[in-house]
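Report on the following structure.
The values are calculated or read from the model by the stated rules, or taken from the named source; none is laboratory data. From a predicted model like this one, the values you see are computed outputs, not experimental measurements. All Cβ positions, even for glycine, are placed from backbone atoms using ideal geometry, and neighbour counts span all protein chains on display. Only protein heavy atoms, including side chains, enter the accessible area calculation; ligands, DNA and RNA are left aside. Shrake-Rupley method; radii C 1.70, N 1.55, O 1.52, S 1.80 Å.
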Amino acid sequence: MSRPGRDDAPDRLYTVTQGRSRSGPDNPFDLVTLVVAECEPAPGMQSEHTAILRMTEAPTAVVEIAAELRLPVSITKILLSDLHAAGRVSARHPKAAFPDPDILEQVLVGLRNL
């Protein structure tokens, strides 16, 4: 019985990553890292690499790329590491907008007054 969203062919995943099960130690990717293509796909590229470059013309999160490719996140990170090492994609973490501490203090005072 197959499970939806799972690749039941582990040998395919082994081939896609050329036998690797982890990306390198300097891997800049986590689930929310935004990936942006730095170039167009080149002829002869692996189909997954081509798909990644096409979908990251605009900043796209790693988790979205994995979902679109229907691959596990760990496999997607390996593919992204390959592209990053080749200079074909760049990675950046989304900027977190932290609220003003004064506003938080006012909200806390308001809640206490309830």
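Descriptive notes on the structure:
- Region 51-72, subset under 12 Å from T33 (Cα atoms) and surrounded by fewer than 16 Cβ atoms within 10 Å (Cβ to Cβ), residue nearest to the chain's Cα centre (by Cα): V63
- Taking each residue of region 45-68 that is assigned to a helix (DSSP H, G or I) and basic (K, R) and looking for partners that are surrounded by fewer than 19 Cβ atoms within 10 Å (Cβ to Cβ) and modelled with pLDDT under 95 with beta-carbon atoms closer than 7 Å, six or more apart or interchain, yields R54/P41.
- Check on A37, modelled with pLDDT of 85 or more and in contact with a Ser or Thr (Cβ under 7 Å, 6 or more places away or on another chain): yes
- The set of residues from region 74-107 being over 14 Å from V35 (Cα atoms), outside any loop (DSSP other than H, G, I, E, B) and open to solvent by 40 Å² or more (accessible area, probe 1.4 Å) comprises S74, P101, D102, I103, L104, E105, Q106, V107.
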